[in-house]
Amino acid sequence: MLNFKEHENMKKLNIYIFAASVLSLSSCSDSFLNLTPETTITTETFYKTADHFEQATVASYTGLRNIALSGIFMDEMRSDNTFYTYYSGDRGPYNSTEKLALFLDDETVGWSPDRYNGVYSSIARVNTILGRLDASELTEEEKKAVRAEALFLRAFYYFDLVQHWGGVPLMLQEVTTEAEAFAAKSPVEDVYKQILTDVSEAISLGLPVASTFPQSGRATMGAAKMLRAYCYMSQPTRDYKAAEQDLKDITQMNYGLLDSYEAVFNPANKNSKESIFEVQYLEDGSNAGVHNDIPWRLIPKCSNNDFLMGITFSNYAGTSGGWCVPTEEMIQSYEPGDKRLDASIAVAEGKTDDAEQFTCEAVKAVSDFTPTTGKNFYYFIRKYYHPPYQYAGRAGDNFPVYRYAGALLLLAENLVAQNRNAEALPYINEVRTRAGLKSLTSVTAEDVADEMRHELAFEN
């Protein structure tokens, strides 16, 4: 056995041998340690061909998934629509998530900073596309198409930022130096101005108009017009007239309501004629990150998820359940006979033991639900619930961003805001008729807001 001194000498010898080896190798060839593997793709060799830009553009859509997921916590749980189920085991791992519902979130940890950083990462991807486009091998027509799509995405991401954080730094070029990574916060007005500049250029460049269904899920003229209308109606100085034109343009495209509200959210009807823009997912068994785990978060924490979902999976931790739970007030707010109630909300009934482990015994409709003596029950969002699932913790449901029903209601809101209430009636009544409700004979801003709440419930 080596003594302490011998041990220290051996350590020094090993270090000297390693250092000498490195020096010897480097002296043989100055470039030996600086070679880039020939199979490695770098930013200098990429962004050349149409295929390169197709890959980069598709990758720029992935940030939408983060927005959809964080939205169930940051947007829905902060509204009167939903809350969360208290569970003692969440005191540590989900403390920051619960704080969101109470407007006490920490901007250094949790969904809020994840969303902020994720959106800026997506903007960085888009900026790189825009910055490298002119020097590429693409034809002028190909460049126009890529630029239009990229500008739409940048406008969309900045709209998400301004809606949640107000004034934010405007990063509009690819960051190549440390100094460029730091930008001052821009006023809200400037952020909206940039959004309108980007989306308007995307529209003028000629995004495609949806004509066949199902659609590809990519940006379209309808999605851009919807985004611009929202921007006109949200900016500090509203421009209802400009928004009205965009929304009326959408009604002249190829969109329409599906016959059934429930069918809108069926995975078999992804990217349908009612869809203007939606986040794309696949129920994939690989670790490619293309699956949707939102349905597993919305059902109650349950000890027998195979009963609820068709496959065994624990949602007490990790992909945790019991979030975005419809409130009693929300359920009672639906008009009698509204078909959207049972299509949107269901009840899981069963028993909860002393360790707070819930065992589900039945899934029931909420419209005529009467609690069973001796049983516990939990409301949960049904519109994204489509079992049986093939893979644990994974679903393939897309998440809606813009729907044609939303465009009709936004147009109704727009016309009411211009004191043209009678003109708003056909648009709101088209939505109400599909829901099984009587047509209104007069309409107010409150009527429109109420209709939006129930038509677009749990869509962030």
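The values are calculated or read from the model by the stated rules, or taken from the named source; none is laboratory data. Model, not experiment: these values are computed from the prediction. When we count neighbours, we look across all protein chains shown, and the Cβ atoms used for this are built from the backbone with ideal geometry, even at glycine. All accessible areas refer to the heavy atoms of the entire protein, side chains included, with ligands and DNA or RNA removed. Shrake-Rupley method; radii C 1.70, N 1.55, O 1.52, S 1.80 Å.
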Charge dipole (the range 75-231, unit charges on Cβ, about Cα centre) - positive-most of PRO169, VAL209, PHE152
VAL209
Could you look at the range 107-151 and say what percent of its accessible area is carbon and sulfur, using a 1.4 Å probe and all protein chains?
50
Note down the nm distance, to one decimal, between modelled labels 7 Å out along Cα→Cβ at LYS375 and at GLU262.
1.9
Just to verify a number: what accessible area does HIS52 come out at with the full protein assembly present, 1.4 Å probe, Å² rounded to tens?
40
Using the Cβ atoms and a cut-off under 15 Å, what net charge is assigned to the surroundings of GLN55, where Lys and Arg are +1 and Asp and Glu are -1?
-1
Inter-part gap, Cα centre of the range 150-191 to Cα centre of the range 290-362, in whole angstrom, is 37
Name the residue from SER60, THR433, GLN390 whose Cα lies farthest towards the positive end of the charge dipole of the chain, charges +1 on Cβ of Lys and Arg and -1 on Cβ of Asp and Glu.
GLN390
Once Lys and Arg are counted +1 and Asp and Glu -1 for all other residues with Cβ under 14 Å from that of ARG154, the total becomes -1
Going by amide H atoms built from the backbone, whose H comes under 5 Å of the H on ARG382, apart from near neighbours?
ILE345, ALA346
Distribution output for the chain: share of Cα-Cα pairs per 20 Å bin in percent, first bin at 0, values 21, 49, 22, 7, 1
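Per residue, how much accessible surface does the chain expose to a 1.4 Å probe? Answer in Å², no decimals.
48
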Taking a probe of 1.4 angstrom, what is the accessible area of TYR427 in Å², to the nearest 10?
50
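If you place +1 on the Cβ of every Lys and Arg and -1 on the Cβ of every Asp and Glu, how big does the dipole about the Cα centre of the range 412-452 come out, in debye to the nearest 20?
It comes to approximately 180 debye.
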Express the carbon and sulfur contribution to the solvent-accessible surface of the range 351-425 as a percent, rounded to the nearest whole number, probe 1.4 angstrom.
46
Listed residues TYR230, TYR192 arranged by accessible area, highest first, probe 1.4 Å:
TYR230, TYR192
So the FRET efficiency between LYS48 and VAL209, C-beta based with R0 = 22 Å and rounded to 0.05, is 0.15
Inter-site label distance for ASN419 and ALA365 at 7 Å from Cα along Cβ, in nm:
4.5
How far is helix 111-132 tilted, in degrees, relative to the longest principal axis of the Cα atoms in the chain, given as a value from 0 to 90 rounded to the nearest 10?
70
³J(HN,Hα), Karplus 6.51/-1.76/1.60, whole Hz, each residue of the range 337-351, x for Gly, Pro
x, 5, 5, 6, 5, 5, 6, 9, 9, 9, 10, 9, 10, x, 10
Unit charges on C-beta of K, R, D, E only; dipole of the chain, Debye:
180
Would you mind checking which residues have amide H under 5 Å from VAL401's amide H? H placed 1.01 Å from N; only 5 or more apart, or other chain.
PHE277, GLU278, VAL279
So what's the net charge close to ARG238: Lys and Arg +1, Asp and Glu -1, counting the other residues with Cβ under 12 Å from its Cβ?
-2
Once amide hydrogens are built 1.01 Å from N within the peptide plane, the residues lying 5 or more places from THR82 or on another chain with amide H under 5 Å from its amide H are THR327
Roughly what would the spin-label model give for ARG453 and LYS438, points 7 Å off Cα along C-beta, in nm?
2.0
In whole Å, how far is the Cα centre of the range 202-229 from that of the range 47-122?
25
Taking a straight Cα-to-Cα line shorter than 29 Å from LYS383, and setting aside same-chain lysines fewer than 8 residues away, one finds LYS99, LYS225, LYS248, LYS270, LYS273, LYS301, LYS339, LYS351, LYS364, LYS375, LYS438
Heavy atoms of THR85 accessible to a 1.4 Å probe, total area in Å² rounded to 10:
40
Longest site-free stretch - the chain; sites: GluC sites (Glu not before Pro), DSSP loop, at most 14 other Cβ within 10 Å
179-355
